[in-house]
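The structure appears right after this line, and notes come after that.
The values are calculated or read from the model by the stated rules, or taken from the named source; none is laboratory data. Quantities reported herein were computed from a predicted structural model and do not represent experimental measurements. Note that each Cβ is placed from the backbone with ideal geometry, even for glycine, and that neighbours are counted across all protein chains shown.
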Amino acid sequence: MALKLLWLQGLSCNGNAHSFFNVPDMAGVLREFAFIYHPLLPCEATLEEVSGGDFSPDVLIVEGALRRDGVPRGDEEALTLITRYAKQAKWVVCAGQCAVFGGIFRLNEPDKIAGALYAGQERGGFLDAFEKKIINLPGCPVHPEWLLFTLRMLALGTVPRLDDLRRPVELYGYTVHEGCLRNEYFEWKVDAKDFGAKEGCLFYEQGCRGPYTRGSCNKILWNGVNSKTRAGMPCIGCTEPDFPAERLFETETLMSIPARLPLEVPKRAYLTLTGMAKAFRIPRLTRRKFGEEEP
Amino acid sequence: MIQRLIEHVEGEALLRLEKDADGRIKRADILFPHIRGMEKILQRRDALDALAFTPRVCGICGHAHLMATVAALESCYAQAGVSLEISAKARTLRRFTLAMEMVQNHLKWFYLTLLPVVMGPAYNRDVSVLSAHTAASACGRAVAVMGGQWPHTSYALPGGVMCDPSHVERLQALAAVEEAGALFQKRMGLSVDAMAELEDPALLWRTEGDLALLLRRLEALELLEAGQSFDRFLVLADHTAGPAGKSLKTRLAAVETAYVEEDEPLQSAGYANFAKPVRYRGRFYEVGPLARAMVAKDPLVRRLHRRYRDAVSTRIIARVKEAAVLLCRSAQMLRQIDLGDPSYIKPRYALRELGSLKGEGAVEAARGSLLHRVHLRNGRIARYCIITPTQWNLASATDEPGVAATAMVGLKDEKAAEVVFKAFDVCSVCTTQ
Amino acid sequence: MKKELKKEARRGQIMETALSLFAQKGFYATTIPDIAKKMDMSVGNLYNYFPSKEALAQEIIRYVSTMLGETIHEINESALTTKEKIRRIVRFYFGLCEERPELIEFFLRVYLANREVFHDGCEGMICVAPFMTEIMVFFEEGVRAGDLRNQDFFSAFGLFMGYLGGMAFLNGERILPKNLESYADEIADNIYGALKA
Ligand code: SF4
């Protein structure tokens, strides 16, 4: 029996729905899951029917931030609709930063808008009563393959192991930094002089948050081919409860020392290693990758 | 009065239809009930943060918002008298990734929005979804090759782009463009080149493919001529397939963004609406692929226009054709890029060194002209204003129905109204951001 | 174990001896046989402890840096205000200038002036890492606490250490009319005044 999925939205940009639409294996998705409702896919029911009916989904997927009122979906408030189906569902998967922590849109009314379990970095969301059913998949947007992995695990009857923020450890046990092609530049403290180069690490000047942001962006690539940090865009920390931070495209430093260090790395250890690494100039890492000839 | 929730339009919209004695639609109110407050959220933030924020206005055309932010910030430099050097490569890459987003949009719209409503139960769900998926994921991949991911990359910034592609990336991107092109040919029965060069509408009806199928169905439903509106077209920015300008019927003229003005949302009893109408010199204009084709004097669309004016058939064909034109041009753009060009040339000053600045960026997005207006104070955003294509096409004013509302007047039933409505390629999230 | 300890102590004595000879005769004029002679040990035996004069010099700079680093570490970990921490660092440094001038001399005249000696194994700031790490922690925490103005590390470091080095030099040349330590608080206040937020 195909797992019955119901995808409902709060305040959202539809980006998670579109992100999910990029799964590599859509034929598999159509075969393995039955969508009661999804914002893009043609499905069994209309939103109006969902709002009037009783569909007992196996998994409720929530996209978007929540607010007590002012977010009508059909004839009902989104939160009423979502709460009703959260009760019925076996699992509630929060897809994306907004559903998990409230995301960017929470900034509009921080005291009124929140995620399922969290209001930004604090506990206290709108679906606290269903905590035990909730699986959080933060990210702006959610990575399609992270969501598909979670759904497939549930289809197999296995709940992925979760961390203390109820994120699957196999997806969020990595930092974004792990697997970035610029790791060697990080190791030897070779900073990217500017945007727009394959060479250099974006941690020192351009604001990359990869070393303290959880997520497997550089393990399970985006759109099957790339990641922001590989391409040259700093990680903006979109899976973390403190997203979005201020000044995303520059590194905050205190007397030239990055204000935030890689997760759990003590300051003295970091500074000592930095001093060591900086003492050496690795010729290969100071040249353009493909030699002086232009590519 | 009939009330209908229109779904699968990047969120929902509510249609309120009033009918006359013959049962024809007399008045159509289009209501968009939520707002997320992006303009307010941007206030006081660092100017460059807008690069990460505005793409999150919309999950399907966020990349156009990124490009509008870049254009607006670059125009702030211009206002300060600081000239920026943007390499040809950076310009081309921006246009390329934007074109890819537009193509994924057009094909998703065709297969996920339009076919189901026009064909009714006669369409094959799985074929539709898989066609949309192949096109969308190929185009998304092409953006990701350059920008790291799609949706929601912020890889362009004042001064250029953040990536540094080599031949490897160029070929990966080309392969993605070709994959989307192959899907187009397989499903539409015409190669993208043939479609891009097509001038004779009769040939369209004779091909065997999804577009022809849809047109024949529209013909059977007597909807080919439905959905005519003001017959005024606006293109605020130069784009890959043509120039900026406006077209009153077929009469062309230049445009200036200074004449663009927003108004208060239409109030409709008992239901919230946040869609602000927008007019050019006090008049409503249609934006989007049809407007672009009219201003670019596209021969196929002009010929259709002679027969059907700004009806659904012209509108739909213009959009499908634009996907083909963009796919052709994208492959050319990729081949032309000089990979040795710099990707990014750092502006001589940071925005925060330049005091009080005003800027504006217009971009042609999938659904039409997108305008961002920004006011900076010492590098922080004092005011940010976003005017989206769907505001042009969908929003009515209290004193005057807008483009889509006018297009629905006189239609025979709600089904026709839904077809006409969806042919505009509605985006609920953009309309109200 | 005992033997190890003894060897360690002996290494310390050799370094102290070398330091005093470097201060008296200069680094280049001092030879390994000079040091061995003063230690009352054979040259061959001394080479068992340090394979070359360069190695000995590197070891000394590490020793000095560790000592400075440990003291600043304690100051960093204390509950003092940033202003008070600067006083402590300055007092400690000037005290050292008075009590162990050969250490400061070595740092200023040998380490900074003869970088070629400190090439292999002592690149960049590696041999002074313990000191550098602590001074960076000091600055970083000063900014974090809102006491110091955020700026480039080396701008701040140059101001701090250049000032202290300059005073140590004037003192060494016997130009200062008063004893060095009596300047400590005023100089600390100047430094704080120049770096504060
Ligand atoms: S660019 Fe970011 S993710 Fe990549 S190595 Fe540097 S810090 Fe890590």
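Key figures
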| read-out | value |
| --- | --- |
| Positions within the stretch A:205-214 being in contact with a strand residue (DSSP E or B) (Cβ under 9 Å, 6 or more places away or on another chain) and either within 26 Å of residue A:143 (Cα to Cα) or within 6 Å of the ligand (Cβ to nearest atom) (or both), in sequence order | A:206, A:208, A:210, A:211, A:212, A:213, A:214 |
| Test: residue in the stretch B:399-415 that is in contact with a helix residue (DSSP H, G or I) (Cβ under 7 Å, 6 or more places away or on another chain) and within 14 Å of another protein chain (Cβ to nearest Cβ) | no |
| Any hit, the stretch B:83-100, residues being closer than 24 Å to residue B:170 by Cα, out of contact with any helix residue (DSSP H, G or I) (no Cβ under 8 Å at 6 or more places or on another chain) and basic (Lys, Arg) | yes |
| Test result for residue A:216, without any contact (Cβ under 8 Å) to a residue 24 or more places away in the chain and more than 10 Å from chain B (Cβ to nearest Cβ) | no |
| Selection within the stretch C:152-164 - touching a residue at least 24 places away in the same chain (Cβ under 8 Å) and buried (at least 17 other Cβ atoms within 10 Å of the Cβ) | C:156, C:160, C:164 |
| Test: residue A:200 is within 14 Å of the ligand (Cβ to nearest atom), more than 7 Å from chain B (Cβ to nearest Cβ) and buried (at least 24 other Cβ atoms within 10 Å of the Cβ) | no |
| Hey, residue A:170 within 18 Å of residue A:245 (Cα to Cα), more than 10 Å from the ligand (Cβ to nearest atom) and either within 21 Å of the chain's Cα centre (by Cα) or within 14 Å of chain B (Cβ to nearest Cβ) (or both) or not | no |
| Pair list, Cβ < 9 Å and 6+ apart or interchain, from the stretch A:225-249 residues that are more than 7 Å from chain B (Cβ to nearest Cβ) and of a type in the set (S, T, N, Q) to residues that are assigned to a strand (DSSP E or B) and more than 15 Å from the ligand (Cβ to nearest atom) | A:239/A:137 |
| Filter pass, residue B:327 being buried (at least 24 other Cβ atoms within 10 Å of the Cβ) and closer than 24 Å to residue B:402 by Cα | no |
| Unique residue being surrounded by fewer than 18 Cβ atoms within 10 Å (Cβ to Cβ) and not basic (Lys, Arg) when the list is A:110, A:138, A:72 | A:110 |
| Selection count, the stretch B:337-389, where residues are crowded, with 21+ Cβ neighbours inside 10 Å, among the small types (Gly, Ala, Ser) and in a strand (DSSP E or B) | 6 |
| Listing of strands (runs of 3 or more DSSP E) fully contained in the stretch B:1-106 that carry 1 or more residues being within 9 Å of chain A (Cβ to nearest Cβ) | B:2-6, B:13-19 |
| From the options A:89, A:65, A:129, A:95, residue that is buried (at least 21 other Cβ atoms within 10 Å of the Cβ), modelled with pLDDT of 95 or more and over 21 Å from the mean Cα position of the chain (by Cα) | A:89 |
| Positions within the stretch C:44-58 being part of a helix (DSSP H, G or I) and surrounded by fewer than 17 Cβ atoms within 10 Å (Cβ to Cβ), in sequence order | C:44, C:45, C:47, C:48, C:55 |
| Test: residue in the stretch A:178-197 that is at pLDDT 95 or above, within 15 Å of the chain's Cα centre (by Cα) and either more than 8 Å from the ligand (Cβ to nearest atom) or more than 11 Å from chain B (Cβ to nearest Cβ) (or both) | no |
| Subset of the stretch A:4-36 [in a helix (DSSP H, G or I) and away from every other protein chain (no Cβ under 12 Å)] | A:32 |
| Residue tally, condition buried (at least 24 other Cβ atoms within 10 Å of the Cβ), among the small types (Gly, Ala, Ser) and assigned to a loop (DSSP other than H, G, I, E, B), over the stretch B:390-428 | 3 |
| Some residue of the stretch A:142-152 being on the phi > 0 side of the Ramachandran plot and either buried (at least 24 other Cβ atoms within 10 Å of the Cβ) or within 12 Å of chain B (Cβ to nearest Cβ) (or both) | no |
| Wholly enclosed helices (runs of 4 or more DSSP H) of the stretch A:224-295 bearing at least 1 residues at pLDDT below 95 and out of contact with any helix residue (DSSP H, G or I) (no Cβ under 8 Å at 6 or more places or on another chain) | A:267-279, A:283-286 |
| Of residues in the stretch A:254-293 being polar (S, T, N, Q) and in contact (Cβ under 8 Å) with a residue 40 or more places away in the chain, the one surrounded by the fewest Cβ atoms within 10 Å (Cβ to Cβ) | A:286 |
| Within the stretch C:93-197, helices (runs of 4 or more DSSP H) holding 3 or more residues that are out of contact with any strand residue (DSSP E or B) (no Cβ under 6 Å at 6 or more places or on another chain) and among the aromatic types (Phe, Trp, Tyr) | C:129-144, C:153-172 |
| Evaluation of residue A:43 against (1) among the hydrophobic types (A, V, I, L, M, F, W, C); (2) without any contact (Cβ under 8 Å) to a residue 12 or more places away in the chain; (3) assigned to a strand (DSSP E or B) (one fails), failing number | (3) |
| Tally, over the stretch B:158-168, of residues that are out of contact with any strand residue (DSSP E or B) (no Cβ under 7 Å at 6 or more places or on another chain) and not in a loop (DSSP other than H, G, I, E, B) | 2 |
| Subset of the stretch B:284-303 [touching a residue at least 60 places away in the same chain (Cβ under 8 Å), over 12 Å from residue B:321 (Cα atoms) and not small (Gly, Ala, Ser)] | B:284, B:285, B:286, B:287, B:294, B:295, B:303 |
| Single match in A:245, A:231 (criterion: under 20 Å from residue A:107 (Cβ atoms) and among the aliphatic types (A, V, I, L, M)) | A:245 |
| Where a residue in the stretch A:186-203 is touching a residue at least 40 places away in the same chain (Cβ under 8 Å) and farther than 15 Å from residue B:148 by Cα and its partner, wherever it lies, is more than 10 Å from the ligand (Cβ to nearest atom) and polar (S, T, N, Q), with Cβ under 7 Å and at least six apart | A:189/A:274; A:190/A:286 |
| Boolean, residue C:112 is out of contact with any Phe, Trp or Tyr (no Cβ under 8 Å at 6 or more places or on another chain), surrounded by fewer than 21 Cβ atoms within 10 Å (Cβ to Cβ) and more than 9 Å from every other protein chain (Cβ to nearest Cβ) | yes |
